[in-house]
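Peer 1: One structure follows; several queries about it will come next.
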Amino acid sequence: MYFCHVNYNESATTELPSVHNGQAATAPAIKKIFAMLTIKQITDDKETVIRGLEKKHFAGARAAIEKVLEFDNKRKAAQSELDSLLSEVKNISKSIGMLMKEGKKEEAEAAKARVAEIKKQTVVLEEDMKNAIEERKQLLYTIPNVPYDIVPEGNGAEDNLVVKTGGHDTVLPENPLPHWELAKKYNLIDFDLGVKISGAGFPVYIGQGARLQRALINFFLDEARAAGYTEIMPPTVVNAASGYGTGQLPDKEGQMYHCNLDDLYLIPTAEVPVTNIYRDVILSEDQLPIKNCAYTECFRREAGSYGKDVRGLNRLHEFSKIEIVRIDKPEHSAQSHQEMLDHVEGLLQKLELPYRILRLCGGDISFTAALCYDFEVYSEAQKRWLEVSSVSNFDTYQANRLQCRYRKGDKSIQLCHTLNGSALALPRIVAALLEDFQTPDGIKIPKALQPYMGTDMIK
């Protein structure tokens, strides 16, 4: 297999800087669309928001946005009436003292009665306003982020745009084995034992298979730290507020394992707890960009998955993953995104795996992302591409849900941008390593992993 190398930006409209000699060029301007979704963003350009949601194939986009505005108009009407009544109370209250001084007791009592009446009205209006705000918020939770202009049109994975391919050629012996057979041959992974203990999708790693897992985890963490990421060891269960903050709730509620008794969720990715560190936080401008990394186990129900795509390590309910997370200023987030893409690509290059990078289309991009690139590695034995990473820019969508903000030099407060990516998820990396590096004598270990494995060959 031959892999050609091309720059990320195939045209002048590409949002990310190209890479030349390891250095990022200046990023072209990105046309900013919108993120969760603030009322100002919707009212400023409602039609653009609707078109963006339709690119994401969000059903009933126009009706949803109109309903949001309806709730907001109710809030504004209640607020306006409330402000008017409170102003009246203020004026009446000033007059009561004067009336009493002037001996106009009857008029003063009438004024007091009017104040009491207004207070009853304000209670109703405050409740109306509270209800309108809550209804608006709950509806906004169900509306996805709006993709950037450069996100291609499309219905699904088949419409994603390949922007770069790379990696090494692979030469396999005759009749190469898929990874699930290699795992059995070399006693690396026991899938049947996982079924006995837990169920399908919970493999047991044994001996050198367990060592390979640990080697990859340590390699990825060391690479992240060398790139300036501060390691975090977060909890692997989160509360509902955290799920809502990063957008897993209510969108992916059915895909997460839920601990009913305590109303806690097992994390689908370290993105959730790490990004939620900054929920309800106002950062100073000089703290940005924040760069965190974390190794965690990840848990996904993967409801509805079946067939060849779930064999072996292709799709699991529990797996290990290293996540990188950035919190950044809006004007720097495109550069941050590029640096994250470069980092993930560097990992795949060091692992000597064939790979490609895809810009996801509107029909395949996630609920929360404004722009996303997937990394896939090629499995020679399975003759298919395996997704190993998604690197996403969420613009202000998550930050608005999280109320993650920063204080600028002029003391004004602004929403941050949030970004994250897998660097990397282990299962399909392991699958590709086993399949692409198999030989008649065993499985070769890429040079970068040998210090972590303590060997150059699995036999």
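Peer 1: With point charges of +1 on the Cβ of Lys and Arg and -1 on the Cβ of Asp and Glu, referenced to the Cα centre of the chain, which listed residue (I96, L261, F375) lies farthest in the positive direction of the dipole?
Peer 2: The listed residue farthest towards the positive side: I96.
Peer 1: So between K329 and E181, what do we pick up on full extension, going 0.36 nm a residue minus the alpha carbon distance?
Peer 2: 48.5 nm
Peer 1: Once the Cβ-Cβ distance between K447 and R301 is put in as r, and R0 is 35 Å, what FRET efficiency do you end up with, to the nearest 0.05?
Peer 2: Working from the Cβ atoms, E equals 0.40.
Peer 1: Two decimals is fine: what is log10 I(q)/I(0) at q = 0.19 Å⁻¹ for the stretch 103-192, from a Debye sum with one equal scatterer on every Cα and no solvent?
Peer 2: -1.03
Peer 1: Considering every Cα-Cα pair within the chain, what fraction, in whole percent, is farther apart than 37 Å?
Peer 2: Percent of Cα pairs beyond 37 Å in the chain: 35.
Peer 1: Around E380, with a cut-off of 12 angstrom between Cβ atoms, what is the net charge of the other residues, counting Lys and Arg +1 and Asp and Glu -1?
Peer 2: Around E380, the charge tally is -1.
Peer 1: Hey, got the Cα dimensions of the stretch 160-228 along the principal axes, in Å, largest first?
Peer 2: 41, 37, 27
Peer 1: Let me ask you something else. Just grab the label-to-label distance for Q403 and A241, each label 7 Å out from Cα along the Cβ direction, in nm (one decimal).
Peer 2: Rounded to a tenth, the inter-label distance reads 0.9 nm.
Peer 1: Which values, in whole Å and largest first, are the semi-axes of the equivalent ellipsoid of the stretch 326-450 obtained as the square root of 5 times each eigenvalue of the Cα gyration tensor?
Peer 2: Rounded to whole Å, the semi-axes are 36, 15, 10.
Peer 1: In addition: Give, in whole angstrom and from largest to smallest, the semi-axes √(5λ) of the equivalent ellipsoid of the stretch 33-146, with λ running over the eigenvalues of the Cα gyration tensor.
Peer 2: The three semi-axes for the stretch 33-146 are 45, 12, 8 Å.
Peer 1: OK, next. Points 7 angstrom from Cα along the Cβ direction at S93 and A59: gap in nanometres?
Peer 2: Computed distance between label sites S93 and A59 equals 5.1 nm.
Peer 1: Then there's this: How much net charge surrounds L402 when only other residues with a Cβ under 11 Å from its Cβ are counted (Lys, Arg +1; Asp, Glu -1)? Write out the running numbers ahead of the final one.
Peer 2: On the way: positive: R279, R401, R405; negative: D280.
Its environment carries a net charge of +2.
Peer 1: Taking just the alpha carbons, could you work out the radius of gyration and Dmax for the stretch 293-374, both in angstroms?
Peer 2: Rg, Dmax (Cα atoms, Å): 15.2, 44.
Peer 1: Can I ask one more? Quick check of the Kirkwood formula: for the stretch 234-348, what is the inverse mean of 1/r over all pairs of different Cα atoms, in Å?
Peer 2: Result for the stretch 234-348 stands at 15.8 Å.
Peer 1: Report the gain in length on full extension from T439 to K459: 0.36 nm times residue separation, minus Cα-Cα distance, nm rounded to one decimal.
Peer 2: In short, 6.2 nm is gained.
Peer 1: Treating only the Cβ atoms of Lys and Arg (+1) and Asp and Glu (-1) as charged, compute the dipole magnitude of the chain about its Cα centre; round to the nearest 20 debye.
Peer 2: Values: 56 positive and 64 negative charges, 173 e Å.
That gives a dipole near 840 debye.
Peer 1: Here's a follow-up. Sum -39500 (n - 2.57) across every DSSP H segment of at least 4 residues in the chain, then divide by the residue count to get the 222 nm mean residue ellipticity, nearest 500. Don't skip to the answer; put the middle values down first.
Peer 2: On the way: 13 runs with 178 residues, N = 459.
Taken over the chain, the calculation gives -12500 deg cm²/dmol.
Peer 1: Take the Cβ-Cβ distance between E126 and R225 as r, set R0 to 45 Å, and report the resulting FRET efficiency rounded to the nearest 0.05.
Peer 2: On the way: r = 51 Å, r/R0 = 1.13.
Computed FRET efficiency for E126 and R225 comes out at 0.35.
Peer 1: Can I ask one more? When we measure straight from the Cα of K329, which aspartates and glutamates land under 17 angstrom away, once same-chain ones fewer than 8 places off are left out?
Peer 2: Once the sequence-local aspartates and glutamates are set aside, what remains near K329 is E15, D280, E285, D286, E339, D395, D410.
Peer 1: How much net charge surrounds L99 when only other residues with a Cβ under 11 Å from its Cβ are counted (Lys, Arg +1; Asp, Glu -1)?
Peer 2: After counting each charged neighbour, the total is +1.
Just so you know, all these numbers are worked out from the coordinates, no wet-lab data involved. Everything numeric here is computed off the predicted structure, so don't read it as measured data. Ideal geometry is used to build each Cβ from the backbone, glycine not excepted, and the neighbour counts take in all protein chains shown.
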